[in-house]
Protein chains: 2
Amino acid sequence: MKISTKLAHFSSPLYLESGRILEPYTIAYETYGELNSDNSNVILITHALSGSHQAAGKADSSNKVGWWDDLIGDGKAVDTTKYFVICTNVLGSCFGSTSPMSNNYPSHQPFRLKFPVLTIKDMVKAQILLLSSLGIYKLKAIIGGSMGGMQALQFAVDYPYLSEHIVSLAATDETRAWAIAFNKVAIEAIRQDPRFLSGNYEKDAFLEQGLSGLAIGRIAGHISYLSPKSMDKKFARDYVSNDGLFELFGRYEVERYMEYNTANFSKYFDPLSYLYIVKAINTFSLQRGYDSKEEAILRIKSNIHLISFSSDYLFFSSEMSEFHELLIANNISSTYEDVQSDYGHDAFLVEVYKFEDKIREILK
Amino acid sequence: MKISTKLAHFSSPLYLESGRILEPYTIAYETYGELNSDNSNVILITHALSGSHQAAGKADSSNKVGWWDDLIGDGKAVDTTKYFVICTNVLGSCFGSTSPMSNNYPSHQPFRLKFPVLTIKDMVKAQILLLSSLGIYKLKAIIGGSMGGMQALQFAVDYPYLSEHIVSLAATDETRAWAIAFNKVAIEAIRQDPRFLSGNYEKDAFLEQGLSGLAIGRIAGHISYLSPKSMDKKFARDYVSNDGLFELFGRYEVERYMEYNTANFSKYFDPLSYLYIVKAINTFSLQRGYDSKEEAILRIKSNIHLISFSSDYLFFSSEMSEFHELLIANNISSTYEDVQSDYGHDAFLVEVYKFEDKIREILK
């Protein structure tokens, strides 16, 4: 599989949903496989909150494998011997695309909290402009999970003729109060961490010692990505062996897991990016910009494929099934599958074998 | 209804499950109604994490009504014209009973982080000693929700002949990893708040400006006390009207609710107490101290009544129903009801009308 990692620089203004303008801006992206002669074999992959454009394989510069490598590759469900697969780092994220820590023009100082608020609509628009710049105007499919699934649906509504298929996994048609509440933990924990300095921290300030506010917020995130059952299976009530049961700060295994993963995360993920992406998730509602949800979905021309996970405690199966019913009631081509899983929201990442056949089927 | 608020001082040592000793110690408690001549009309109420001994009515010193006033009072399900009702503030809590901020003996300095770890077993033992000191050796019922429901079950196992009935609501037989993970947010947020000062803050330091670490942790708590449905009903995707949708820190109503309630909470609840009580919840397992869960429950002589709430996202209905099955399989007298509710874990506090008849029936 040929992997190519690139930065695309745009000097034309990006008009954002907020009314503000981003100019210039950069999009980091990675491609897998080869574009055919008439540019008709393209699949776009959209990533989640903490994801990046490194979706598959192992780019030269990377020492870790892509986050959806189980799904994408030669002979895999998203087959890179047939398809040219593109994954972009969303605007606002910290892996190469323009973000709050990018330099503002013309001051050449990082935007920080002056960065404009971004929405899922904006992230999608930026990707359209990238695709256009590559001469790609038609996609075979757009596939994404969680925030990636929101983007996939937003593409379907905002750009009806872009993609033959839209596959949205572990997502929702609008973010509910439950998910916003989980994000609130992170927002407050980051803002109130004194080392956050209202966003005026040094670049790379947290490489050695992560920002504890981000780590704390990420614990809440992890809870919502797992499920009671998966936690029971993984951790039970096991105690960290060298901690005492009667020590106040002695830990259960689930606590050690949370500490370890979130401390690591806070060393490589930028807290301003986290705030901006979480904001985009919170404000996600497919109907914004249209008179009603019906008006929004009546625009859709793609075939919509919704996949939820029975134990998803962040975006519940019921959200997807209700959205599917609404699509059907409005005569929008739509399939829906609730994958039985104990893995919670994370199932879209860790149980690819449970839905890869469905994706193969869609792409056939 | 006669209300009496008291402090009971004990100079004898309390032997804790950890092997440590608490001596002397104080228990704050409140009583409602009047004790009959043969001390046979007593009901004990046990409180949850943030509760206190002020369970009903309005004590002279208080300007708020008790937390279970819907349930307890003259002519109510727990009828104070018939019963003498006692509610104690659990050891470790900050409403009058001995806690981490109490003075250690003989140093006369607050214990702070030197306070011994307490367990649900210890809280229960301390209440037994209080009851004994009042000449009460037999109870009509012990009724509690959440951590109060854990205490009720622990009484049933550790003191088999104490109470005719045990009513445990919105609780579990052992705290699962899911609940421990929610508590982890609070533990880390408190510990890492610089104003926490490793527990060496001034007494009353947070009366004016609460400890933000506790407030952040409490957001995670509130998520687990509510449910996706109750949040949808209460907040939908409503936006705080004077915040802008495209302001980074503009807030949804659910965010304002979380901010308001948790900031308030952090002004009156002591963070060290929070850490110690959360630890007691985490370590709760009915079987600890016995060879197996079966061995523990085979001790039970009381009639057990389990009440769960269908939308409880902290202690799931399935935990209660499985425990009920285990009791039945071991020939322990047990009833179980899953109350249909959208209110989540908090239903035991806010939807008393849905289970008061059941409690009336039990006490008949």
(message) Restricting to the stretch A:339-353, count the residues that are of a type in the set (D, E, K, R) and under 20 Å from the mean Cα position of the chain (by Cα).
(response) 2
(request) Could you list all residues from the stretch A:135-164 that are farther than 26 Å from A:Ile180 by Cβ and either in a strand (DSSP E or B) or in contact (Cβ under 8 Å) with a residue 40 or more places away in the chain (or both)? (result) A:Gly135, A:Ile136, A:Tyr137, A:Lys138, A:Leu139, A:Lys140, A:Ala141, A:Pro160, A:Tyr161, A:Leu162, A:Ser163, A:Glu164
(request) Can you give me the number of residues within the stretch B:1-54 that are in contact (Cβ under 8 Å) with a residue 40 or more places away in the chain, closer than 18 Å to B:Phe111 by Cβ and outside any strand (DSSP E or B)? (result) 6
(message) modelled with pLDDT of 95 or more, within 14 Å of chain B (Cβ to nearest Cβ) and not in a helix (DSSP H, G or I): which single residue out of A:Leu306, A:Leu272, A:Leu314 fits that description?
(response) A:Leu314
(message) Filter the stretch A:63-77 down to the residues that are surrounded by fewer than 19 Cβ atoms within 10 Å (Cβ to Cβ) and either in contact (Cβ under 8 Å) with a residue 12 or more places away in the chain or over 20 Å from the mean Cα position of the chain (by Cα) (or both) and list them by number.
(response) A:Asn63, A:Asp69, A:Asp70, A:Asp74, A:Gly75
(request) Evaluate the following for A:Val185: is it of a type in the set (Val, Ile, Thr), on the phi < 0 side of the Ramachandran plot and more than 14 Å from chain B (Cβ to nearest Cβ)? (result) no
(message) Looking at B:Ser273 and the list (1) of a type outside the set (Val, Ile, Thr); (2) crowded, with 17+ Cβ neighbours inside 10 Å; (3) under 22 Å from B:Phe182 (Cα atoms); (4) free of Cβ contacts under 8 Å to residues at least 24 places away in the same chain, which single condition is not satisfied?
(response) (4)
(request) State which residue pairs qualify: first residue over 19 Å from A:Gly144 (Cα atoms) and inside the stretch A:109-130, second residue of a type in the set (Phe, Trp, Tyr) in any location, beta carbons under 6 Å apart, and separation of 6 or more residues or different chains. (result) A:Val117/B:Phe246
(message) So, B:Glu356, is that one of a type in the set (Asp, Glu), within 25 Å of B:Leu162 (Cα to Cα) and either touching a His at 6+ places or on another chain (Cβ under 7 Å) or without any contact (Cβ under 8 Å) to a residue 24 or more places away in the chain (or both) or not?
(response) no
(message) Considering only the stretch A:63-70, I want to know if a residue exists there that is within 27 Å of A:Leu286 (Cα to Cα) and β-branched (Val, Ile, Thr).
(response) no
(message) If B:Ala181 satisfies all but one of (1) outside any loop (DSSP other than H, G, I, E, B); (2) in contact (Cβ under 8 Å) with a residue 24 or more places away in the chain; (3) buried (at least 24 other Cβ atoms within 10 Å of the Cβ), what's the number of the condition it fails?
(response) (2)
(request) Search the stretch B:212-253 for residues being in a helix (DSSP H, G or I), under 19 Å from B:Ala189 (Cβ atoms) and among the hydrophobic types (A, V, I, L, M, F, W, C), and hand back the single one that is farthest from the other protein chains (Cβ to nearest Cβ). (result) B:Leu214
(request) Filter the stretch A:165-178 down to the residues that are more than 14 Å from chain B (Cβ to nearest Cβ) and not in a loop (DSSP other than H, G, I, E, B), then identify the one that is surrounded by the fewest Cβ atoms within 10 Å (Cβ to Cβ). (result) A:His165
(message) Quick test for you: out of B:Leu118, B:Leu71, B:Leu131, pick the one residue that is of a type in the set (A, V, I, L, M, F, W, C) and within 14 Å of chain A (Cβ to nearest Cβ).
(response) B:Leu118
(message) Taking the condition of being under 20 Å from A:Asn183 (Cβ atoms) and buried (at least 22 other Cβ atoms within 10 Å of the Cβ), how many residues in the stretch A:282-307 meet it?
(response) 4
(request) With respect to A:Phe235, determine if the residue is outside the structural domain of A:Phe315 (by TED's automatic domain parsing), touching a residue at least 60 places away in the same chain (Cβ under 8 Å) and over 22 Å from B:Val117 (Cα atoms). (result) no
(message) Condition first: touching a helix residue (DSSP H, G or I) at 6+ places or on another chain (Cβ under 6 Å) and in a loop (DSSP other than H, G, I, E, B). Now tell me which residues in the stretch A:84-100 satisfy that.
(response) A:Val90, A:Leu91, A:Gly92, A:Ser93, A:Cys94, A:Ser99, A:Pro100
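The values are calculated or read from the model by the stated rules, or taken from the named source; none is laboratory data. Just so we're clear, the structure is a prediction, and the values are computed from it rather than from any experiment. Positions of Cβ are backbone-derived with ideal geometry, glycine not excepted, and every protein chain shown enters the neighbour counts.
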